[in-house]
Amino acid sequence: MGLVQAVKGAVGGVLADQWKDFYTVPTGLPSTAALFAAVPQGTNAGRGSNTSGSSNIISNGSKIVVPEGYGLLLLQDGAITAFVAEPGGYEWRSDDLNSQSIFAGDGLVSTFIKQSWERFKFGGQPGSQQAAFFVSLKELPDNRFGTQSEIYWDDGFLNTQVGAVTRGSYTLKIVDPILFVKNFVPASYLRPGQVFDFTDLDNAAASQLFNEVVGSLAPAFSLYTNDPGKGNRITKLQQDSLGFAQSLSAAVEQGYQWKSDRGLAIVKTAIVSIEYDANTRELLKTVQRADALSGSRGNSNLQASVAQGIQSAGENGGAAGLVGVGMASGMFGAGNLQQPATPAAPAADDPVAKLKKAKEMLDLGLITQTDYDALKAKALGM
């Protein structure tokens, strides 16, 4: 009975696999899908009858449609045999016996007799495995990162160690699909019906990437804030998605070799929040205050502060207070500030000038002789 079933399965499988088919992208894919098998379109609007073909055999003459933004990987018995990066329609041609089809002009004897005999030896199943996989060449969004406790790094601008809790997301791109499949994708995803998705919580490989990104955040912050070309400002992190993505990608590559070993790269980042620790917040306040008081604005502000201090000291401490303010002004560089001009002290009384002025007033009749004599006696001290 087993022999009859094997013959029946072998012949039936060969007949079903003669049909050419269209292979395309499966329906209902999430936007974050990175790798998935091409599926045959057995029926279309009620037409078509190729629904019994082997899941691991692609008949010669079948057409595979590659949409924009995707690449096509071809596998034969587990090995990658070809890769296509351009969109369009492609025809499958293989020298494998199981792919031969009478509809592709491969002949009758090799197609039916040889295939049936080979499949009979494997219990009615084809002795080969062929597969076509689509790999996304787009930026894959919504890859999250976040820290539960503070991470610390040496900051070039603040010239000390700073700490923060942060969270955000990044876009990921597969820059080398062959390297990605060979070195990173688990074998369980290299079969029909499986979708490799970086955002899938049940994807252990994707979870590993999340842990590696979190482990690279502190080096990435250090690379960014210690790069003079980026202004050495941690406050610019949330505004510079591309700049921080470069730092994060470099830190990930240095620590885990994403690009060279796995064919992956971080393209953009979006930092949702950064919550600095208490010491860092105080440092940032000091820096902001120093920035606000720099230049001519700072000089004016300091002059006003010194003037207010002098006034308060004069009102409350007398001469001793004024001396103290003068010493403080010198310590903080206020001695170089431009001070208001002080009017010159009036010159001492000149008796000759007074007599001359009195004589002019007498000649003009503005004063009497008696008034003049009195002014003369006062000016001369008589």
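Please work out which residue is modelled with the highest pLDDT, limiting yourself to the stretch 61-70 and to residues that are within 18 Å of Arg93 (Cα to Cα) and surrounded by 19 or more Cβ atoms within 10 Å (Cβ to Cβ).
Within the stretch 61-70, the first condition is being within 18 Å of Arg93 (Cα to Cα), and the residues that meet it are 61-66.
Imposing the further condition that a residue be surrounded by 19 or more Cβ atoms within 10 Å (Cβ to Cβ) reduces the set to 61-62, 64, 66.
Details: Gly61: 72, Ser62: 80, Ile64: 86, Val66: 90.
Here the residue is Val66.
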Residue list for the stretch 64-78, filter: in contact with an Asp or Glu (Cβ under 8 Å, 6 or more places away or on another chain) and not aliphatic (A, V, I, L, M): Gln76
Just one of (1) open to solvent by less than 40 Å² (accessible area, probe 1.4 Å); (2) under 26 Å from Gly69 (Cα atoms); (3) not polar (S, T, N, Q) trips up Asp202, so point out which. (1)
Restricting to the stretch 261-275, and then to whatever is touching a helix residue (DSSP H, G or I) at 6+ places or on another chain (Cβ under 7 Å) and of a type outside the set (A, V, I, L, M, F, W, C), can you tell me which residue is nearest to Val165 (Cα to Cα)? Thr269
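Could you pull out the residue among Leu237, Leu242, Leu217, Leu179 that is under 17 Å from Phe145 (Cα atoms), at pLDDT 90 or above and either not acidic (Asp, Glu) or not in a strand (DSSP E or B) (or both)?
The conditions single out Leu217.
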Give Ile58, Ile80 a once-over and let me know the one that is open to solvent by 30 Å² or more (accessible area, probe 1.4 Å), modelled with pLDDT of 50 or more and either closer than 30 Å to Ile174 by Cα or not in a strand (DSSP E or B) (or both). Ile80
Step by step: first the residues of the stretch 147-168, then only those that are in a strand (DSSP E or B) and open to solvent by 20 Å² or more (accessible area, probe 1.4 Å), then the one that is nearest to Gly69 (Cα to Cα). Which residue is that? Arg167
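Hey, does the stretch 307-319 have a residue that's of a type in the set (D, E, K, R), open to solvent by 100 Å² or more (accessible area, probe 1.4 Å), in a helix (DSSP H, G or I) and at pLDDT 55 or above?
Step one: filter the stretch 307-319 for residues of a type in the set (D, E, K, R), giving 315.
Pick out the ones that are also open to solvent by 100 Å² or more (accessible area, probe 1.4 Å) and you get 315.
Those left that are additionally in a helix (DSSP H, G or I): 315.
So of that shortlist, the ones also at pLDDT 55 or above come out as 315.
So far as the stretch 307-319 goes, yes, one or more of its residues are of a type in the set (D, E, K, R), open to solvent by 100 Å² or more (accessible area, probe 1.4 Å), in a helix (DSSP H, G or I) and at pLDDT 55 or above.
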For the stretch 254-289, give me each residue that is open to solvent by less than 90 Å² (accessible area, probe 1.4 Å), under 19 Å from Thr171 (Cβ atoms) and in a helix (DSSP H, G or I). Tyr256, Trp258, Arg262
From the residues in the stretch 231-250 that are without any contact (Cβ under 8 Å) to a residue 40 or more places away in the chain, open to solvent by less than 10 Å² (accessible area, probe 1.4 Å) and of a type in the set (A, V, I, L, M, F, W, C), which one is nearest to Val214 (Cα to Cα)? Phe244
If I go through the stretch 25-55 residue by residue, how many of them are among the polar types (S, T, N, Q), open to solvent by 40 Å² or more (accessible area, probe 1.4 Å) and modelled with pLDDT of 60 or more? 3
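The values are calculated or read from the model by the stated rules, or taken from the named source; none is laboratory data. As the structure is a computational prediction, the values presented were derived from the model and not from experiment. Don't worry about glycine lacking a Cβ; one is built from the backbone with ideal geometry, like all the others, and counts go over all protein chains shown. Note: accessible area is taken over every heavy atom of the protein model, side chains too, but ligands, DNA and RNA are not part of it. Shrake-Rupley method; radii C 1.70, N 1.55, O 1.52, S 1.80 Å.
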